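Below is one structure, written out as structure tokens, with a few remarks after it.
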Amino acid sequence: MRYNPAEIEPKWQQTWEDEEAFRTPTELDELRSKPKFYVLDMFPYPSGSGLHVGHAEGYTATDVVARFKRMTGHNVLHPMGWDAFGLPAERAAVREGIHPAIITKRNVDNFRTQIKRLGFSYDWSREISTSNEDYYRWTQWIFLQLYEKDLAYLAEVPVNWCPALGTVLANEEVKDGKYVETGDPVERRNMRQWMLKITVYAERLLQELDLVDWPESVKEMQRNWIGKSTGADVVFRIADQADDAEFTVFTTRPDTLFGATYCVLAPEHELVDAITTDEQRDAVRAYVAEATQKTDLMRTDLAKEKSGVFTGAYAVNPVNDQKIPIWVADYVLMTYGTGAIMAVPGQDQRDWDFAEVYDLPIIRTVQPPADFDGKAYTGEGAAINSGFLDGLEVEEAKAKIITWLEEKGLGTTKVQYKLRDWLFSRQRYWGEPFPIAHLEDGEVVALPADQLPITLPQIDEYRPTDDGRPPLARGGDDWLMVELPDGRKGVRETNTMPQWAGSCWYYLRYLDPRNEQQAWRPELEEYWLPVDLYVGGVEHAVLHLLYARFWHKVLYDCGLVKSKEPFQKLFNQGMILATSYKDESGKYWPKDQVESRDGSFFAPGQSEPLSVQVEKMAKSKLNGVDPMEVIAEYGADSVRLYELFMGPLEQTKPWQMESVEGVYRFLARAWRLVVDERTGELSDKLTHEPAGSEPELRKSLHKTIKKVFEDTEGLRFNTAISQMMVFVNDATQADTLPREIVQDFLRVLSPYAPHLAEEAWHLLAGDTDPGLIVQEPWPAHDEALCVEDMVTVVVQVMGKVRDRLEVPKDTPKQELERLALASENAQRFIEGKTPKKIIVVPGRLVNVVV
């Protein structure tokens, strides 16, 4: 009766489901009787390729924590759902000619089957999907709260438009003018889009990062994305203009004004056409047309060659009345500051590079150190070439120049953020419809909440219309035309919300997922939030987390939540790497199609060897490992343990199938503590004697209980598993196995390898019903049994280690001194000399000085 996970695991998964072993209480009286722990995974997008072992790493970690917290007396909320809207399902619908809802359901069913096979203890009664009408009804309702607080508006903005897909793409989805996933061309065009005023919350999003326990690197990424800068708005008059035309620049370094030798306007700046001279007009217009087709990321790439064009006009530097040329360059963006900059090449490397290309003057305004041999100097130092600022350090000079500018009416103190308002609409079908109507007189109105959900219409094609309108414009008059309660008529908004919308608040819907009257009950939010542990990949460090925090703060201001932040503790699991195979064209090949010849790898029918690399496991790289294949060979408990035993959870690490075998062998040894594999009966080493009958094994158990408790609390799963391996080795070597020791160990093992632990627990009970081990409490440890009886004492001669002694921890000084002098190794180095001094530190060292 060998350890057989294929037989054990499905049985207990079905039992747990039948008995609703992981169902979280819903009644407040029951909830308030225990402390809470809300542990949450970043829910997956249910792609067609299914789950790979990289996904399962974080899910396994949270499952261990959820099971552990239940055992330590907590109400645990551990739900799962699906981030189901989005472009991939829509593209699949176009390819296959079936509704994206059907494709999404197919993918979700596959994901759910895979996840359940791993034995995760989710409360499936709380499962949600962002594309279900009973979910996105409330996404639309939250949008109405934003709209009513004047945080949602329509604006003409430049976007990345992909004609082939008929939709807007985010900057991150575009590279070299093409969509990164398909290679389809992307162009810049102005479109009327829905925007959310996330900038109103910039300062709170920044300051309230101090309230959460997140990795400092993630906080810093959010701070950089928000990009707070303190400086000054400075007014530059345009020279030789009769109408006193002027423009304002924002600068974080007003102390360098005396070094401003030219100004630059963004190509989109409203003054460009007005101030350009006739001689420069053709060149400027050509440059502007080219620049507006580039994304912001392309334009601000520090590595790109600097380009620009002179307008023929000049500005007046306000501090010295000198005329300086006005240029147009694409590295200046209308979306940051005022769309105009003063260029100080002496103190800014990008300005220096531009000045070198176009032979513009360079004036240093901060004294560099004597050993500085670079170009632009961006460090601290005394002001030079700066008139009344000369000799002042940077901060003093900033304060003085801002005071001077304000006295002269030429500038003011200003705080600026890089964060831009959130472009919130997409020209897609598979997304949340907006609860908005456009009336006949042009007014835009929100639809009443009692009309929600605004469901997606059934349409015959998921592409934009021939005249460029979004796919929802195919909905027909029955869907498009709407009548308001007051009798006015209008047309529904045909854009849809981005995929981010549903993931901004899903952690709240889990609290009360079947409530048809409210998005959540306030009392449940007050009990469960904030999320105690949120686990997911670092790739979501900025956008998802920033958007969710923004929505949460809006809900807080509306009085709909009591918590200021949604996620108290964040943990980013490391990537799992795997071998990938790529040909010269950049195409990836799956491992099962690759041929090995003479130590190299080849694609079928190709003579050029493939490049082989170890990189992030991803469906696009065709190097994902299907956990179902690993489960088929070794079982879910082996997959779970190996996911966590590879190394610290936060580290990047390679997946190695041969190492799964080692974890499987450990579980088989744990199994043999209970079962005699030859007979199928309980091991004859098991006894009903008290734990004290095996004192050394009892100590090993209590050290294991303590160590696994502390390491699980600290998310140090690999070292917890190592300690359990130590115990199994000790137990295997013991003469007898008191049942109470084995039972306590199974409870410790249960969060990590729940199927084996459950089976062994019931086998030990025989004909009696012991209840489910997953509902057992965590065993207590005796601190006295965790203290080491023996210690290692180092023996030094003249400060150098010459021997080590294993002695009882309370060995007195005189005995330690005697043992050290009697050490053969120490005697060789003492060389018969009389010790001059012997230093004894009990429990640690003896140092003999001769």
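Residue separation times 0.36 nm, minus the C-alpha to C-alpha distance between Ser217 and Val849: what's the value? Can you show the working numbers first?
Values: separation 632, 0.36 × 632 = 227.52 nm, distance 4.91 nm.
Computed gain between Ser217 and Val849 is 222.6 nm.
Could you check the spin-label model distance between Asp767 and Asn320? Points 7 Å from the Cα along Cα→Cβ, value in nm.
Placing both labels 7 Å along Cα→Cβ, they lie 10.2 nm apart.
For Cα pairs less than 8 Å apart in space and 6+ apart in sequence, what is the mean separation divided by the residue count of the chain, i.e. the relative contact order in percent? Provide the component values of the computation, followed by the final result.
On the way: 1538 pairs, mean separation 116.4, N = 850.
RCO, the chain: 14 percent.
Ser693 to Ile98: extension gain in nm, 0.36 nm per residue of separation minus the Cα-Cα distance?
Values: separation 595, 0.36 × 595 = 214.20 nm, distance 6.80 nm.
Extra length available between Ser693 and Ile98 comes to 207.4 nm.
In percent, what relative contact order does segment 687-798 have, based on Cα pairs under 8 Å that are 6 or more apart in sequence? Write down the numbers at each step before the final one.
Details: 99 pairs, mean separation 36.7, N = 112.
Relative contact order comes out at 33 percent.
Taking R0 as 60 Å, what FRET efficiency do you get between Glu650 and Asp278 from their Cβ-Cβ distance, rounded to the nearest 0.05? Don't skip to the answer; put the middle values down first.
Numbers: r = 62 Å, r/R0 = 1.03.
That gives a FRET efficiency of 0.45.
Can you tell me which aspartates and glutamates have their Cα less than 14 Å from the Cα of Lys836? Leave out same-chain residues fewer than eight positions away.
Qualifying aspartates and glutamates at Cα under 14 Å: Glu817.
Over segment 365-446, calculate the relative contact order: mean separation of alpha carbon pairs under 8 Å at least 6 apart, over the residue count, as a percent.
Computed value for segment 365-446: 14 percent relative contact order.
Taking the highest mean first, how do the peptides 637-643, 742-748, 752-758, 446-452 order by number of other beta carbon atoms within 10 angstrom per residue?
Details: 637-643: 27.4, 742-748: 22.6, 752-758: 25.3, 446-452: 14.3.
Order by mean packing, descending: 637-643, 752-758, 742-748, 446-452.
Just add up the charged neighbours of Arg669: K/R +1, D/E -1, any other residue whose Cβ is under 14 Å from the Cβ of Arg669.
Numbers: positive: Arg2, Arg665, Arg672, Lys685; negative: Asp637, Glu661, Asp676, Glu677, Asp730.
Net charge around Arg669: -1.
Suppose the chain between Asp243 and Thr300 were pulled fully straight at 0.36 nm per residue; how much longer would it get relative to their current alpha carbon spacing? Show your work: numbers first, answer last.
Values: separation 57, 0.36 × 57 = 20.52 nm, distance 3.31 nm.
Fully extending the segment from Asp243 to Thr300 adds 17.2 nm.
Exactly which GluC sites (Glu not before Pro) in segment 262-338 are in a DSSP loop and have at most 12 other Cβ atoms within 10 Å?
Details: sites: Glu268, Glu270, Glu279, Glu290, Glu305; in loops: Glu268, Glu270, Glu305.
Passing both the DSSP loop test and the Cβ count: Glu270, Glu305.
Around Val791, with a cut-off of 10 angstrom between Cβ atoms, what is the net charge of the other residues, counting Lys and Arg +1 and Asp and Glu -1? List each step's numbers first, then the result.
Values: positive: Lys809, Arg844; negative: Glu788, Asp789, Glu806, Asp810.
Neighbour charge sum, excluding Val791 itself: -2.
Specify the inter-centroid distance of segment 573-607 and segment 172-249, based on alpha-carbon positions, in whole Å.
Spelled out, the Cα-based centre of one part sits 40 Å from the other.
If R0 is 30 Å, what FRET efficiency do you get for Val445 and Glu208 from their C-beta distance, rounded to 0.05? Let's see the in-between values first.
Numbers: r = 33 Å, r/R0 = 1.11.
The formula returns an efficiency of 0.35 here.
Can you pull the one-decimal nm distance between simple spin-label points at Asp676 and Gln518, each 7 Å off the Cα toward Cβ?
6.1 nm
Kindly state, to the nearest 0.05, the FRET efficiency for Asn385 paired with Ala286, given R0 = 45 Å and r defined as their beta-carbon distance.
0.80
What is the spin-label model distance, in nm, from Gln293 to Thr252 if the labels are put 7 Å beyond Cα along the C-beta direction?
3.3 nm
Please give the peptides 475-484, 625-634 ranked by average Cβ packing (other Cβ atoms within 10 Å per residue), highest first, as a rough proxy for protection.
Result, highest mean Cβ count within 10 Å first: 625-634, 475-484.
Please report the orientation-averaged projected area of the chain, defined via the convex hull of its C-alpha atoms, in nm².
Values: hull surface 207.6 nm².
The Cα convex hull of the chain, projected and averaged over all directions, gives 51.9 nm².
Return a single number: how many Lys pairs in segment 355-450, at a sequence separation of 8 or more or on separate chains, have alpha-carbon atoms below 23 angstrom apart.
Numbers: Lys375/Lys398; Lys398/Lys408; Lys398/Lys414; Lys398/Lys418; Lys400/Lys408; Lys400/Lys414.
For segment 355-450, the number of qualifying lysine pairs is 6.
How about segment 345-415: which GluC sites (Glu not before Pro) there are in a DSSP loop, with at most 13 other Cβ atoms within 10 Å of their Cβ? Could the numbers behind the result be given before it?
On the way: sites: Glu356, Glu380, Glu393, Glu395, Glu396, Glu406, Glu407; in loops: Glu380.
Sparse-neighbourhood loop GluC sites (Glu not before Pro): Glu380.
Coordinate-derived values only; no laboratory data. What you see is a predicted model; the values in this text were computed from it and never measured. When we count neighbours, we look across all protein chains shown, and the Cβ atoms used for this are built from the backbone with ideal geometry, even at glycine.
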